[in-house]
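The values are calculated or read from the model by the stated rules, or taken from the named source; none is laboratory data. Model, not experiment: these values are computed from the prediction. FYI the Cβ positions are ideal-geometry reconstructions off the backbone, even for glycines, and counts take in every protein chain you see. Just the protein is used for accessible areas: all its heavy atoms, side chains included, with ligands, DNA and RNA removed. Shrake-Rupley method; radii C 1.70, N 1.55, O 1.52, S 1.80 Å.
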Amino acid sequence: TDLRPLDILSEAVPPLGPARGVRVFQAQGMRGFQLSASRPRALGFPASRLFTHCDRFPEEFSIIATLRLLRRPAKSNEYIFTLMGEESPSVLVGLRYGPDKLHFLFWSQELAGGWQSRVTFANVSLSDKRWHTLILAVSGQSFSLTVDCSIPKDVVVETPFPASLSVRRASFYLGNRRRRKGVFTGLLRQLVLLPGADATPRMCHAVNFKVATLSVPPVLQDVPAKPVSNEVLKYPSGHDVKVTLGARPRCSKQEKAQFWFNASRRGLYLCNGSTWLSMLEAQHRLDYLEEHQNLVTNSETMGIEVFTIPKVGLFAAVANRVTPPGSAIYRWTDGKFVHYQNIPTYQAQSWKYFTIGKKIFLAVANFEQNERGQEFSVIYKWSRRKAKFITYQRISTHSARDWEAFVIEGEAFLAVVNHREGNNHNIDSVIYRWNPRTGLFETNQTIPTSGAYDWEFFTIGPYSFLAVANTFNGTSTKIHSHIYIWLSGSFQLFQSILTFGAADWEVFHVGDRVFLAVANSHSYDSGMPAPSNFYAINSSIYELNITAQMFVKFQDLLTYSALDWEFFSVGEDSFLVVANSFDGFTFSVNSIIYRWQGYEGFVAAHHLPTVGCRDWEAFHTPEGSYLFYSSAKEPLSRVLKLKTT
């Protein structure tokens, strides 16, 4: 077998089309085989067609199946596949599904005369009329089932899978055990045997885990989506092809099926009668950055939030330290940010833009009390009539540093980071849930935090996570920051990572890989000798390891009191920019852009002079791509334009 994937489904069905007793169905945009119970033997083939060099079933292997149940199975079981001897009614190897259970069957020859062994995985629910991918890994007495790349179900039994199971004169049967009873009634898209390996790491790296594929028959493979009409791609007989050069020309019915070549972007576009469709466009690469705008702010700026209000425009909310005059919102006008609205804030730390249905909100994290000694952070709502943000809900907070908004299972949440209460840094941060009936956020869960700075919400497959950056516990910055996972209606601890004055988490994807970067700001411990430099310290990048079910360290990068990471892409290239704020001597420190270099990880590409850099935001307009940074030490923020080649 040479340890290559053995495609049982492709072997059972002719490559030129389905056999008798097999029909092709499409559900949820994916194709699968539906099997007939009338001719079960027609859905079989000799095992020798797969095992060409050896007549022994592998001792260690994985079985990968992608399927969709059309209905809940009856009390009897349905067979996904079996391997059976020519003259024997016994199942040598098989996989069958019953109500909320999956059974793996094998023939144990260690007992006198042989014996049918069964390994059962309970609480396997597949009857939701959705596609699911199962990975069954077998090694000796250990059996592991992974459904949609979730947490594996492990079973250890007394009887091991046989080390030498003969498949001579045996045949595979698709969806049955050579009888009409127990035929699989759902759809099968993938059925692969991978000898000698656990297929979980190989399969569980895609964004859409439920449709992860190793080998799918050609007749089931997805075809490119076709336009509603391909008329635009057809030329009338004798019609001349016209390619326009220069500035963007008009695209109307008269120009339909004509081309335009944009020399500056090295792109070829096709007119469909109303808009230009990109047919071929060169990928841009970051060359250098140039100063685009010096934005004078009300005072030092602790954070920036760039957002777009549909049909209104692009905005930036800056969190200013001094009150009055508070913080400001700017609108992108004629290629620059122009002052739009002032909002009273109290040593504002950050803004968060989010929407609930058609409602548009902007929440500010206030660090200090107002003139009346009250400590509130405020949620503002966009008024379409007044075309500005107005006060919507005040929430009691304690030296709030950050807001994070997210949606889980259709419900809206808002989480606040409480940094400290008086001199006590070990306090609760709060997660609020939107109540559609009252139209307000209400307390849903509290999570203990230590001088926390930042929340970061992200999803991986069907799972939702929330990471908190803990900064200081009252005596040390060398403390654990935590990642929580949403289970059974609340966040529960998933993983703890040692950090050093953590100020920010940034989650990002490079291809199918998932990374999480932490910005470590300084190293201090009242019980330990002082280091030579509190602020020159590694910040770390972690990568999700699906097999280990945890984030593992991928790379350390030397930073100088790092306060923020921002991930962005240019063409096919991926970048991380760090906000270096203080090197122990001066606030005039270079912040650095790192470029993804594959095997080398992230490598420094650009050094940007900054002063007390606190936050980075990447944004795009039709005119190009930009980076926006805030200074916590001067009332001046800067917009840099990315120049590409």
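A few remarks follow.
- Sum of side-chain charges, F508 neighbourhood, beta-carbon under 12 Å (Lys, Arg +1; Asp, Glu -1): -3
- Centre separation in Å (Cα based) which lies between segment 375-422 and segment 550-604: 29
- Sparse packing (at most 16 other Cβ atoms within 10 Å of the Cβ) combined with a DSSP loop state is found for the following trypsin sites (Lys or Arg not before Pro) in segment 393-463: R437.
- The trypsin sites (Lys or Arg not before Pro) of segment 279-330 that meet both conditions, a loop assignment by DSSP and at most 10 other Cβ atoms within 10 Å of the site Cβ, are K311.
- Computed from label points 7 Å out along Cα-Cβ, the spacing between N533 and F25 is 6.5 nm.
- Across the chain, Cα pairs under 8 Å and at least six residues apart give a relative contact order of 9 percent.
- Using the 1.4 Å probe convention, the accessible area of segment 6-220 works out to 44 Å² per residue with neighbouring protein chains retained.
- Legend: P(r) of segment 340-440 from all alpha carbon pair distances, 5 Å bins from 0, whole percents, reading 2, 12, 23, 24, 18, 13, 5, 2, 0.
- Peptides ranked, highest mean first, by Cβ atoms within 10 Å: ranges 63-71, 637-645, 500-508, 161-169: 500-508, 63-71, 637-645, 161-169
- Dipole check for the chain: with +1 at the C-beta of Lys and Arg, -1 at the C-beta of Asp and Glu, and the Cα centre as origin, the magnitude is about 3340 Debye.
- Distance histogram for segment 6-220 (every C-alpha pair counted, 10 angstrom bins, percent rounded to whole numbers): 8, 37, 41, 14, 1
- With a threshold of 18 Å on the Cα-Cα distance, the over-threshold entries among K352/K388; K352/K381; K388/K633; K359/K381 are K388/K633.
- Table column - 3J(HN,Hα) (Hz), segment 361-376, Karplus curve with 6.51, -1.76, 1.60, x for Gly and Pro: 10, 9, 10, 10, 9, 8, 8, 10, 7, 7, 4, 8, x, 8, 10, 10
- Rg/Rg_globular for segment 502-615, with Rg_globular taken as 2.2 N^0.38 Å and Rg from C-alpha atoms: 1.10
- Unpartnered cysteines - no second Cys beta carbon under 4.7 Å - across the chain: C54, C613
- Taking one quarter of the surface of the convex hull spanned by the alpha-carbon atoms of segment 39-132 gives a direction-averaged projected area of 7.7 nm².
- Principal axis dimensions, largest first and in whole angstrom, of the chain by Cα: 89, 80, 52
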